[in-house]
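Report on one structure; see the data block that follows.
The values are calculated or read from the model by the stated rules, or taken from the named source; none is laboratory data. Everything quoted here is computed from the prediction, not taken from an experiment. When we count neighbours, we look across all protein chains shown, and the Cβ atoms used for this are built from the backbone with ideal geometry, even at glycine.
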Amino acid sequence: MSELILAQRDGAIATVVLNRPTKLNALTKPMWQQLGAVMRSLDADDSVRCIIVRGAGTKSFAPGNDISEFENERSNIEQARAYGSVMHATFEAFANCRHPVVAMIHGICVGGGLEIAAMCDLRICGDSSRFGVPINRLGLVMSLLELRGLYQLVGRAVSLEILLEGRIFDAAEAMQKGLVTRVVADQRVEAEANACALRIAEGAPLVARWHKQFIGRFEDPTPLSAAEIDEGYACYGTEDFQIGYRAFLAKATPRFKGR
């Protein structure tokens, strides 16, 4: 695996690192390709219980795409379409990931970086983090598939405010807008995100996957089927349920098996 995207493991927790610190983790086409491949690989791994996505270092999550790449990779409609297909495959990998995904946000989280963070399930940032999508100054749009995560997260009014003004704003405003889950002191971002991931990983993994599936289903306006409603009871047939409720009665720590 190329050093542009790192995948690290600590037990059931996987950490995916956007690893271009000399450029503040600005994203390139190969990074988008590798990020999608890593997310698909982790999604298929039943031993994973939580994924953390972060930028290398503590200055930046990601400032968006590397503009210097545009001349050769995104200078016309045909090139942009090819580039977009790579990005969209990566967003689909995030959207389809069964495991909970936590964004650990240090510093800058702008443009494509914000798009990635919006596709995560939880977002923990530092109090000096900065957010925004200033692409109106480049004459660019956020395409429909790129916009989906942001819109689902904050809705029409806030999405339009962010895109139409192109303004960079602070962590407190991001929290007020619903962009982030939690704001902590800069020096506590890593510890808080890791603690969050550990709490998730210590829970029953099948339950976490079901909850992601159920919440995602509400984005489909069609009525729930009888089979879908019945799936809400499937957890009672798992070994993890037996482990969980017996541990609760015994005042012991459950050790879930994911089955």
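Being in contact with a strand residue (DSSP E or B) (Cβ under 9 Å, 6 or more places away or on another chain) and at positive phi is the filter here; which residues of region 2-56 pass it?
Hits for region 2-56 are 24, 25.
If I ask for residues that are buried (at least 24 other Cβ atoms within 10 Å of the Cβ) and in contact with a helix residue (DSSP H, G or I) (Cβ under 6 Å, 6 or more places away or on another chain), which ones from region 50-59 would you list?
The answer is 50, 51, 52.
Picking from 200, 162, which residue would you name as being in contact with a strand residue (DSSP E or B) (Cβ under 6 Å, 6 or more places away or on another chain), of a type in the set (Val, Ile, Thr) and modelled with pLDDT of 90 or more?
Selected residue: 200, the only one of 200, 162 that is in contact with a strand residue (DSSP E or B) (Cβ under 6 Å, 6 or more places away or on another chain), of a type in the set (Val, Ile, Thr) and modelled with pLDDT of 90 or more.
One line per residue, one yes/no per condition, for (1) in the same structural domain as residue 42 (by TED's automatic domain parsing); (2) surrounded by fewer than 17 Cβ atoms within 10 Å (Cβ to Cβ); (3) within 26 Å of residue 125 (Cα to Cα); (4) modelled with pLDDT of 90 or more:
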residue: 188; (1), (2), (3), (4): yes, yes, yes, yes
residue: 191; (1), (2), (3), (4): yes, yes, yes, yes
residue: 196; (1), (2), (3), (4): yes, no, yes, yes
residue: 216; (1), (2), (3), (4): no, yes, yes, no
residue: 235; (1), (2), (3), (4): no, yes, no, no
residue: 245; (1), (2), (3), (4): no, yes, no, no
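How many residues does region 33-65 hold that are acidic (Asp, Glu) and within 21 Å of residue 86 (Cα to Cα)?
So the answer is 1.
Only one residue in 7, 37 is in contact with a helix residue (DSSP H, G or I) (Cβ under 9 Å, 6 or more places away or on another chain), surrounded by fewer than 23 Cβ atoms within 10 Å (Cβ to Cβ), among the small types (Gly, Ala, Ser) and assigned to a strand (DSSP E or B). Which one?
7
Within region 60-80, is there a residue that is of a type in the set (A, V, I, L, M, F, W, C), within 30 Å of residue 202 (Cβ to Cβ) and either surrounded by fewer than 24 Cβ atoms within 10 Å (Cβ to Cβ) or modelled with pLDDT of 95 or more (or both)?
Yes.
(1) free of Cβ contacts under 8 Å to residues at least 12 places away in the same chain; (2) buried (at least 17 other Cβ atoms within 10 Å of the Cβ); (3) in contact with a Lys or Arg (Cβ under 7 Å, 6 or more places away or on another chain): which one isn't true of residue 12, the others all being true?
The one condition residue 12 does not meet is (1).
Name the helices (runs of 4 or more DSSP H) wholly within region 78-183 that hold at least 2 residues that are assigned by TED's automatic domain parsing to the domain that holds residue 42 and in contact with a His (Cβ under 8 Å, 6 or more places away or on another chain)?
Qualifying helices (runs of 4 or more DSSP H): 144-165.
Considering each residue of region 134-175, count those that are in contact with an Asp or Glu (Cβ under 8 Å, 6 or more places away or on another chain) and buried (at least 19 other Cβ atoms within 10 Å of the Cβ), and give that number.
Count: 5.
Considering each of 227, 197, 204, 185 in turn, give the residue that is more than 30 Å from residue 141 (Cβ to Cβ), touching a helix residue (DSSP H, G or I) at 6+ places or on another chain (Cβ under 8 Å) and among the aliphatic types (A, V, I, L, M).
Every option except 204 fails the conditions.
Do you know which residues across region 231-259 are without any contact (Cβ under 8 Å) to a residue 24 or more places away in the chain, among the charged types (D, E, K, R) and within 20 Å of residue 98 (Cβ to Cβ)?
231, 239, 257
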